[in-house]
Structures are given as C-alpha cells and as structure tokens.
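Asks: Just dropping this structure here.
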Amino acid sequence: MFARLLAILLALCAPAAAEDKVLRGDWTLACDGADCAISTRTPQEDTAFVARRAIPGSGLTFGFRLVSVTPDPDIALVLRVDSGPKLSFYPGRDMGLYGPMSDIFLIDPGLTRRILSAMRSGVTLRVYAAQAGKTLSRDFSLKGFDEALARMAELQRRDPDDLAVEEPDAERRDEDARPPVDAGTGPRGLPASVVDRHYRESQCEDLESGNIASRPPLTARLSDFATLYALPCTKSSAGITWRLYVAETGEIGGVSTVHFARFDPRFGWTGSDYLWNLELDAAAGTIATTRHGRGEADCGYFARWSWRETAFALLEVRQRVQCNGGDDPSGWPVVYSSRS
C-alpha cells in the first residue's frame with residue numbers, strides 16, 4: 001500500500017492534478033483513495049515528501065529522494081528551517097534508506113516532529129549532506145507546506161496538529177549500516193571533532209591499540225541537540241576507564257568534555273574526567289560507574305547520574321569502606337543521594 005502511494009507521489013510532474021488545484025504554493029498533494037502524500041521539488045529535481053496511509057492511527061512518513069546529491073552513507077544529514085537550529089540525523093539511528101530507490105526517511109520521532117513543526121511556519125528547509133567529503137546543501141521551499149499538510153489531514157479526517165511519525169512500510173536498504181556511533185570521518189567512524197578533543201585533552205591509549213581496540217565506543221542521544229559519546233581510555237585488571245563527550249548541534253554547538261563528582265575518603269569531594277566500568281542506559285539517559293578498589297584510600301565506589309536537559313545530574317554515590325567487604329554496590333554505605 002505504501003509503495004503504491006510513494007510511486008504516485010514521486011511520479012508527480014509540474015502539471016497539477018485535480019486535487020492539487022486547491023493548493024497554493026510549492027507543495028502538491030496526491031491521493032490514492034485516502035492514502036495521501038504531499039511533495040515539493042528543487043530546481044535540481046530533488047524531492048521532499050510527507051505521506052500518511054489511511055489506516056487509523058498511522059503516522060506520517062517524511063523523506064527525501066536526492067538525485068543531484070549522493071550522500072556519504074556514514075555522515076549525518078543536517079536539517080535547518082530558516083535561521084533555526086541545525087538538527088543532525090544520524091544514519092542507522094535517526095534516518096534510514098527504504099524502498100527500491102533507497103529514499104532517505106527520517107525515523108527518529110522526536111527530531112522529525114520538531115522539524116515538521118518548524119516547517120509549518122517556515123520559508124525554507126535547508127538540507128546539508130556530505131558527498132565525497134564535501135558538504136553540499138539543497139533548499140526546499142516551504143511555501144504552501146502548512147496548507148498542504150492541513151488539506152491532507154482534512155481528507156483523511158485527522159487532526160492537522162497530529163505530527164506523529166512512523167517508519168515507512170517498505171523494505172529497508174541499509175540494514176548493514178554501521179552502529180549509531182558511526183557519524184563522522186575519524187577513527188571508528190567517530191566525529192572527527194570528538195576524536196580530536198579526546199586525543200588533545202587526555203593521555204588515553206590509542207583507540208586502535210590492542211588493549212582497547214575490541215571495546216567499541218558507546219553513544220546515546222540525550223536530546224534533540226545533544227549526543228553522548230563515551231570512548232574507552234585505559235584497560236587494567238580493575239576494568240576499563242572511559243572519557244565522555246557531549247556533541248551539540250544548534251546555534252552554538254560544539255563538543256564538551258563531561259566531568260563528574262568524585263568522593264574521596266581522604267579529601268572529600270573532588271572531580272574526575274573519566275569513569276570506571278561505564279554502564280550506559282541510552283533509553284533512560286542514565287550512566288553509572290563501579291570501581292572495586294584494593295587500596296586503603298580506594299576500597300571502591302559506585303555512582304549514578306541522569307541527563308537533565310543540559311547536564312548530568314548526580315543521583316547517588318556509595319562508598320565501599322572495607323576492601324574485603326561485599327562486592328555488591330547496593331550494600332555499600334550511601335555518601336550522597338539526591339532524594340535526601
């Protein structure tokens with residue numbers, strides 16, 4: 001069903017169909033029964049489209065057919081409405097290739113709804129893509145977009161403010177895409193800006209060294225603008241240390257190193273730029289560290305943080321007071337708790 005609708009959509013030519021005559025602007029509407037899609041084209045014949053099936057409860061699908069650009073498959077696609085923030089869609093996580101023509105579809109619900117919402121009152125949607133290492137951009141007119149979206153909702157008897165998104169009902173063509181961390185041109189496919197900061201600031205082992213080469217970096221989307229990258233630093237009998245970085249998009253953007261509170265029984269509260277034996281819950285946005293020490297000053301500790309809009313908030317710290325004590329951190333004395 002979706003494939004038939006998409007074929008009708010992408011076959012739209014300059015002459016308006018009967019349904020298109022009710023629209024003004026640069027977006028056109030095509031329907032196959034109650035399955036509908038709207039689209040616009042650039043002078044280079046690149047197409048942006050939004051479609052929705054008639055099935056009750058179905059969401060919107062938002063994608064592109066880029067014929068003048070062949071985006072590098074491991075580089076993020078960046079979208080911007082007018083002078084608003086730039087939002088990055090990473091391959092394999094936030095976007096994918098679907099259908100016989102490997103069209104690009106945005107599949108992250110939160111990011112895609114944000115872009116669609118901005119498009120309703122925008123003038124231009126600019127799409128940045130990388131081709132052979134060079135950044136290219138294409139501008140899609142948003143004149144008539146909101147009217148076309150509202151008309152589609154009217155025909156389908158849906159709420160025009162319903163911008164829920166779903167994956168397209170079509171064959172996925174990039175199932176072998178690299179893991180989500182691969183979004184740049186540095187080692188392991190990491191963003192070069194993250195790797196540069198990692199090597200410039202730390203004395204960590206090389207990411208390709210035999211000691212940590214088998215440990216893949218970890219990543220998590222923290223918000224529409226922030227992505228966490230955790231890179232292995234050193235390896236010893238006590239475990240692995242990790243350094244964490246947050247890469248932000250938007251008006252300012254950039255990469256920052258994450259620092260964490262650390263309790264030392266000799267000195268009290270200090271700080272650290274690494275975590276031992278990192279545990280990451282990407283869905284919940286939480287991280288934890290556990291260290292089983294053997295020395296008088298470091299019998300062990302456990303700490304946990306949660307992402308809160310712009311930073312990690314400390315939730316709990318437990319300190320192991322006897323080196324021959326139990327190994328389960330849940331039984332260690334609480335040094336700090338955000339609930340108390």
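The values are calculated or read from the model by the stated rules, or taken from the named source; none is laboratory data. Note that the structure is a prediction, hence the values are computed from the model and not measured. Here the Cβ positions follow ideal geometry from the backbone for every residue, glycine too, while neighbour counts run over all protein chains shown.
Asks: Every residue in region 197-219 that is of a type in the set (D, E, K, R) and in contact (Cβ under 8 Å) with a residue 12 or more places away in the chain, please. Spell out the reasoning first.
Replies: Here is the first cut: in region 197-219, the residues of a type in the set (D, E, K, R) are 197, 200-201, 205-206, 208, 215.
Once the filter is applied, which keeps residues that are of a type in the set (D, E, K, R) and in contact (Cβ under 8 Å) with a residue 12 or more places away in the chain, region 197-219 yields Arg197, Glu201, Glu205, Glu208, Arg215.
Asks: Taking the criterion of being surrounded by fewer than 18 Cβ atoms within 10 Å (Cβ to Cβ), without any contact (Cβ under 8 Å) to a residue 40 or more places away in the chain and farther than 26 Å from Ala30 by Cα, would at least one residue in region 85-99 satisfy it?
Replies: Checked region 85-99: no residue is surrounded by fewer than 18 Cβ atoms within 10 Å (Cβ to Cβ), without any contact (Cβ under 8 Å) to a residue 40 or more places away in the chain and farther than 26 Å from Ala30 by Cα.
Asks: Continuing with this model, one more query. Counting only residues that are in a strand (DSSP E or B) and in contact with a Lys or Arg (Cβ under 8 Å, 6 or more places away or on another chain), which one in region 49-80 is surrounded by the fewest Cβ atoms within 10 Å (Cβ to Cβ)? Even if it seems obvious, please write down each step before you answer.
Replies: Of region 49-80, the ones in a strand (DSSP E or B) are 49-52, 60-65, 77-80.
So of that shortlist, the ones also in contact with a Lys or Arg (Cβ under 8 Å, 6 or more places away or on another chain) come out as 49, 52, 60-61, 78-80.
Working: Phe49: 24, Arg52: 26, Leu60: 23, Thr61: 26, Val78: 17, Leu79: 27, Arg80: 21.
My answer is Val78.
Asks: Does Gly300 meet the test of being more than 29 Å from the chain's Cα centre (by Cα) and crowded, with 20+ Cβ neighbours inside 10 Å?
Replies: For Gly300, the condition - more than 29 Å from the chain's Cα centre (by Cα) and crowded, with 20+ Cβ neighbours inside 10 Å - is met.
Asks: Is there any pair with a first residue in region 49-65 that is outside the structural domain of Leu142 (by TED's automatic domain parsing) and a second that is assigned to a strand (DSSP E or B) whose Cβ atoms are under 8 Å apart and which are 6 or more apart or on different chains, and what are they?
Replies: Sorted first by the residue in region 49-65, then by its partner, the list stays empty.
Asks: Next question. For region 252-283, which residues satisfy the criterion of being surrounded by 13 or more Cβ atoms within 10 Å (Cβ to Cβ) and among the β-branched types (Val, Ile, Thr)?
Replies: Scanning region 252-283 gives Val255, Thr257, Val258.
Asks: So Leu136 clears everything in (1) touching a residue at least 24 places away in the same chain (Cβ under 8 Å); (2) out of contact with any Phe, Trp or Tyr (no Cβ under 8 Å at 6 or more places or on another chain) except one condition, right? Which one?
Replies: (2)
Asks: Quick one: which of Ile104, Ile115 is of a type in the set (A, V, I, L, M), under 14 Å from Phe64 (Cα atoms), crowded, with 21+ Cβ neighbours inside 10 Å and touching a Lys or Arg at 6+ places or on another chain (Cβ under 8 Å)?
Replies: Working: Ile115 fails: touching a Lys or Arg at 6+ places or on another chain (Cβ under 8 Å).
Residue meeting the stated conditions: Ile104.
Asks: Please work out if Leu207 is modelled with pLDDT of 90 or more, in a loop (DSSP other than H, G, I, E, B), outside the structural domain of Ser88 (by TED's automatic domain parsing) and of a type in the set (A, V, I, L, M).
Replies: Working: modelled with pLDDT of 90 or more: no; in a loop (DSSP other than H, G, I, E, B): yes; outside the structural domain of Ser88 (by TED's automatic domain parsing): yes; of a type in the set (A, V, I, L, M): yes.
It is false that Leu207 is modelled with pLDDT of 90 or more, in a loop (DSSP other than H, G, I, E, B), outside the structural domain of Ser88 (by TED's automatic domain parsing) and of a type in the set (A, V, I, L, M).
Asks: Going residue by residue through region 321-331, is there one that turns out to be modelled with pLDDT of 85 or more, under 26 Å from Glu201 (Cα atoms) and of a type outside the set (Ser, Thr, Tyr)? Outline the logic, then answer.
Replies: Narrowing region 321-331 to residues modelled with pLDDT of 85 or more: 328-331.
After this cut, where a residue has to be under 26 Å from Glu201 (Cα atoms) as well, the list is none.
Looking for residues that are modelled with pLDDT of 85 or more, under 26 Å from Glu201 (Cα atoms) and of a type outside the set (Ser, Thr, Tyr), one finds none in region 321-331, hence no.
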